[in-house]
Amino acid sequence: MRVLNYLELESRLDRSGIGTAADQQRAALATTDVSVLTSPWRGGEPHWAAVDALRGRSAFREYDVAHCNMIGPGTLAVARHAKRTDTPLVLHAHVTAEDFAESFRGSTHLAGPLRRYLRWFYSQADLVLCPSAYTKRTLESYPVEAPIQPITNGVDTASLAGFEDLREEYRERFDLDGLVVFSVGNVFERKGLTTFCRLAEETDYEFAWFGPYDTGPQASETVRRWTQDPPANVTFTGWVDDKRGAFAAGDVYCFPTKAENQGIAVLEAMACGKPVVLRDIPVFEEFYTHGHDCLKCETRAEFREALDRLAADPDLRQRLGENAKETAGEHSLGRVGEKLVDAYRRVRNEVTSH
């Protein structure tokens, strides 16, 4: 079976969770007997496809299932082509209105119109995949009128191999010492930026956020304020060339996010055996257990208490980290690959039988 795994604007999304998710899908499928194409266009680029179209040839390559990871015009073109040719269409719901809010300047005001667009967009699919049961419930509330199946994004443990060897280098690079409370990923208010910085102000630990942040006109006022004038014990590293260095340098992963569809970096921290402190939001209920593989908090006071407990108790840090590593093992890419192939075969059988 030949499957298109398409990420529109791929070169611009290489530093995003969506880019990581698509990379992990392809790595997972590499363990199966599915043949994967990453571009729908003849010649590999839309402009070459347009030339073919002008010459009366199809602009699209041939594939048995179209699996798309974004929501823009290129993906819409693939969706229209899939409908014309009775090709099964799988749309992956990485984007929801809820996790778009509080990301970029003006994103919260656009969340309502985006929800209406996504309801129409995802409803075109023969199957919608999403990272969690929470996301499925969110899409059903829009409502999306297509079958929806949760499949974990998984965690690419191979991409983290040898992270321990980078600890000294990255701690020296960013002048980190002692117990380091850290986060990894794009710096957004939706991901708990203000809580992260307020916790730093209220404690004596080192805090580090490894990941890019906007400085231009698209940056939110909150991101601009905290990154330009952070608390004395907070380091915003910007983009790091090797994510393994972030997981090596940090000691306690703190993620006070307000909304997630899953959170790949949490699984990566767990795969590295790091103790994890999370905001107690619905999506984490289906994956993680408070006191077993993480600590969950609702208020800033609870976050502060959790950090103090972990700082004072190395045995607790070790136990949570070991259990977290076992939890991450349940999200292996091998399992993801099997679930994706099963989904492709099922949707292909359903489309061809109608």
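The values are calculated or read from the model by the stated rules, or taken from the named source; none is laboratory data. Everything numeric in this text was worked out from a predicted model, so none of it was measured. Using ideal geometry, Cβ is built from the backbone for each residue, glycine included, and neighbour counts are taken over all protein chains shown. Protein only, heavy atoms only, side chains kept; ligands, DNA and RNA dropped before computing areas. Shrake-Rupley method; radii C 1.70, N 1.55, O 1.52, S 1.80 Å.
See the values below:
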quantity: Total residues in region 1-19, condition open to solvent by less than 40 Å² (accessible area, probe 1.4 Å) and under 24 Å from Val184 (Cβ atoms); calculated: 5
quantity: Residue ID - nearest to Asp23 (Cα to Cα), chosen from residues in region 159-169 that are touching a residue at least 60 places away in the same chain (Cβ under 8 Å) and part of a helix (DSSP H, G or I); calculated: Ser159
quantity: Verdict on Pro131 being out of contact with any Cys (no Cβ under 7 Å at 6 or more places or on another chain), open to solvent by less than 30 Å² (accessible area, probe 1.4 Å), at pLDDT 95 or above and farther than 30 Å from Glu206 by Cα; calculated: yes
quantity: Helices (runs of 4 or more DSSP H) (entirely within region 245-351) containing at least 2 residues that are farther than 17 Å from Thr152 by Cβ; calculated: 300-312, 314-329
quantity: Identity of the residue in region 285-327, among the aliphatic types (A, V, I, L, M) and surrounded by 15 or more Cβ atoms within 10 Å (Cβ to Cβ), that ends up nearest to the chain's Cα centre (by Cα); calculated: Ala324
quantity: Qualifying residues in region 170-215 (those that are acidic (Asp, Glu) and in a helix (DSSP H, G or I)) - the one surrounded by the most Cβ atoms within 10 Å (Cβ to Cβ); calculated: Glu189
quantity: Where Gln149 falls short, out of the listed (1) out of contact with any Pro (no Cβ under 8 Å at 6 or more places or on another chain); (2) open to solvent by less than 20 Å² (accessible area, probe 1.4 Å); calculated: (2)
quantity: Candidates Val65, Val78, Val90, Val36 - the one that is open to solvent by 20 Å² or more (accessible area, probe 1.4 Å), modelled with pLDDT of 90 or more and not polar (S, T, N, Q); calculated: Val36
quantity: Verdict on Ala259 being at pLDDT below 95, out of contact with any Pro (no Cβ under 7 Å at 6 or more places or on another chain) and open to solvent by less than 60 Å² (accessible area, probe 1.4 Å); calculated: yes
quantity: So Thr152, is it under 19 Å from Thr257 (Cβ atoms) and either assigned to a helix (DSSP H, G or I) or in contact with a strand residue (DSSP E or B) (Cβ under 7 Å, 6 or more places away or on another chain) (or both); calculated: no
quantity: Selection within region 216-230 - among the polar types (S, T, N, Q), open to solvent by 70 Å² or more (accessible area, probe 1.4 Å) and part of a helix (DSSP H, G or I); calculated: Gln228
quantity: Test set (1) within 16 Å of Pro131 (Cα to Cα); (2) surrounded by 15 or more Cβ atoms within 10 Å (Cβ to Cβ) - Pro282 fails condition number; calculated: (2)
quantity: Test: residue in region 231-242 that is over 16 Å from the mean Cα position of the chain (by Cα), assigned by the TED database to the domain that holds Phe287 and surrounded by 22 or more Cβ atoms within 10 Å (Cβ to Cβ); calculated: no
quantity: Cβ-Cβ under 6 Å pairs, at least 6 apart or on other chains, region 1-16 side farther than 19 Å from Arg42 by Cα, far side open to solvent by less than 90 Å² (accessible area, probe 1.4 Å); calculated: Leu13/Gly19; Arg15/Pro212
